[in-house]
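Just so you know, all these numbers are worked out from the coordinates, no wet-lab data involved. From a predicted model like this one, the values you see are computed outputs, not experimental measurements. For neighbour counting, all protein chains shown are included, and Cβ atoms are generated from backbone atoms with ideal geometry for every residue, glycine included.
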Amino acid sequence: MQSLLSGWMVVVLSLLPLGTLEASTSSPSLPDSVHSTEKEEERKIKPNVDVEPEKKQPNNTYPIILVHGLGGFDTLYGFHYWGGSRSIAESLRKKGYEVYTTDIGTFSSNWDRACELYAQIKGGRVDYGKAHSEKHGHARYGRTYPGLYPEWGTVDPHTNNVRKVHLISHSMGGQTARMLVHLLVHGDSKERKHTPKKKVSSLFAEKKRSWVHSMVTLSTPHDGTPFLYEVSEKFPYIQQVIGAMAAVFGNRPIIDYDFKLDQWGLKRKSGESFDSYLNRVINSRFWEKTKDTAEWDLSPEGAREINRLTSAQPDIYYFSVGNEQTYRDPFTGYQRPELWMNPLFYYPAIVIGRSNRINGDIVINQSWWENDGLVSTNSMDGPEIGSTDEIVSFDGKPKIGKWNYLGTLDSYDHLDIVGIGIRDMRDWFGDLAQLLQSLPR
C-alpha cells in the first residue's frame, strides 16, 4: 500500500504543473470510439447550481480576484488554472468585468499565501512577519510585486466609497482568502509586539480594514480533508519530496513551473554561485517537520486551527459551492468514484469514501465519504469544526456576515468546477460574477 501511494504521489506531483489533469476522464482501456461517446455524454452535464441573481441590476463594480488552490498557477504554457484551454478570466473581461488572477505559493501555508496575496493585489514586497518567520525558520521577506490593483483600500473620490474587491477562491484558496480577511480586519498582535513600530507590515497593523465586499469559495476544505491522514501516514516524506523538487527547479527550471518557496531558500538568486545556493538549500528549515505548510493546514486538525482563528465578518457577503463525483456502493455502503471522474483522483476518492477515525473531537465517519476526488463534500459549505460561523442555505436573498451555501454541483470532480477538463464553465462563472455585482454596497 505504501509503495502504491508513493507512486501515486510522484505521478500527481509530476503531472500537476504540466496541466495534464485536463486529460480524458474516461477509462484508458476503452476503445477510442467509446472514449468519444463518453466525452460527449460528459459535456452534456451542466451545472445544477443556479447562481444567477434574481435582480440583474449591478449595484457595484468592484474587481474580481481569482485565488488558486494547492499546486496552482496563473497560466502555464497557455494552460489556465481558471478554465484550462478556455480562460475564465478573459471570458469575464469580455463581459465587462474587471478581473485579476493571482499566482501565490503552491504548497505554502495559508499564512504565507495570504501575505503573498496581499502584496500581489496591493503591490509591494511580501512581508511574512518577523515573529512568524523567526518561529518557523524562514526568510521574513519575499518577492516584490507592482500590484494588480494598487488602488485597493483607497477612497474613490467620485463615490466617497472604499475601493473593495470580490474574492473567488478554489480549494485551499478559500482558506487563504479567509486568512487574508482575518489579517485585514485584526492585523496580528504578535507581529506588532515583536517588530519595531516603523517596520511592521501594514497587513499586521492594528487597523480594521473593510476591503473585501464578498468571498466565494469553491470546493474548499474548510474543515480539512481526510486524505491528508493517508498522505501523512503512508507517505510521511511528502514535504521533503516537494522541497527537493522545488530546490531542483529553483536552480535550473526544467519546466516553466514556479513552486514559489523562496522564503525557505529553495530558489537560486540571480548571480548566486551554485555552492552558495546548495549550502542554503542544505540548511533550509523546510526539511524539518513544520506546521507552516499546506500539508498541515489541509488536515482536519490544521483546518480547525484556522477556523478558530478566523471568523465571518459582519460586513462581508460569504458564498460557498460544493461538488461531488462519487456514488454509494450498494454492496459496501462506501463511496466510489463515478465513471467520469479524473483518473488521477480515483485513489484519493476511494480513500476518502471509506475513511473512519476519531482524533479527539474530530470524528471522521460516513458523513465525510461523499467527495470530489480530493475533498469531502461536507467540508465545502463553510467552516464548522472549531468555528462559530453560521451556514445557511441560499434562498436567493444573500445574508451578509453568514455563509450562503449555494449548493452542490453533482458529478463534478475537484477540477471540473474550475473548467479543467472537457466542461466549459465560462457561462456559469459569468452568472456568478453577475451575482457578486448585484450585491448592494
Q: Could you tell me which of rounded, prolate or oblate describes the stretch 191-345, using a ≥ b ≥ c as the square roots of the eigenvalues of the alpha-carbon gyration tensor, with rounded for a/c under 1.5 and, failing that, prolate when a/b is larger than b/c and oblate otherwise?
A: oblate
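Compute the Kirkwood hydrodynamic radius of the stretch 68-138, taking the inverse of the mean of 1/r over all pairs of distinct Cα atoms, and give it in Å to one decimal.
Hydrodynamic radius (Kirkwood, Cα pairs) of the stretch 68-138 is 13.7 Å.
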Q. When the convex hull of the Cα atoms of the stretch 131-227 is projected onto a plane and the area is averaged over all directions, what value comes out in nm²?
A. 8.5 nm²
Q.
With 10 angstrom as the radius, rank TRP152, TRP368 by how many other C-beta atoms surround their C-beta, starting from the fewest.
A. TRP152, TRP368
Q) Amide H to amide H under 5 Å from ASN371: which residues, 5+ apart in sequence or cross-chain, H placed 1.01 Å off N in plane? A) GLN325, THR326, THR377
Q) So, by mean Cβ neighbours within 10 angstrom, what's the order for 415-423, 118-126 with the highest one leading? A) 415-423, 118-126
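Rounded, prolate or oblate for the stretch 307-441? Axes are the square roots of the Cα gyration tensor eigenvalues, ordered a ≥ b ≥ c, and the cut-off for rounded is a/c under 1.5.
Note, shape of the stretch 307-441 comes out oblate.
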Q.
Restricting things to Cα coordinates, could you compute the convex hull volume per residue of the chain in Å³?
A. 157 Å³
Q: For the stretch 277-402, build the charge dipole from Cβ charges (+1 Lys, Arg; -1 Asp, Glu) around the Cα centre, then report which of LEU298, THR310, SER376 sits farthest towards its positive end.
A: LEU298
Q) Going by how many other Cβ atoms sit within 10 Å of their own, how do MET179, MET245 line up, fewest first? A) MET245, MET179
Q | Highest average packing first - 221-230, 323-332, 337-346, Cβ atoms within 10 Å | A | 221-230, 337-346, 323-332
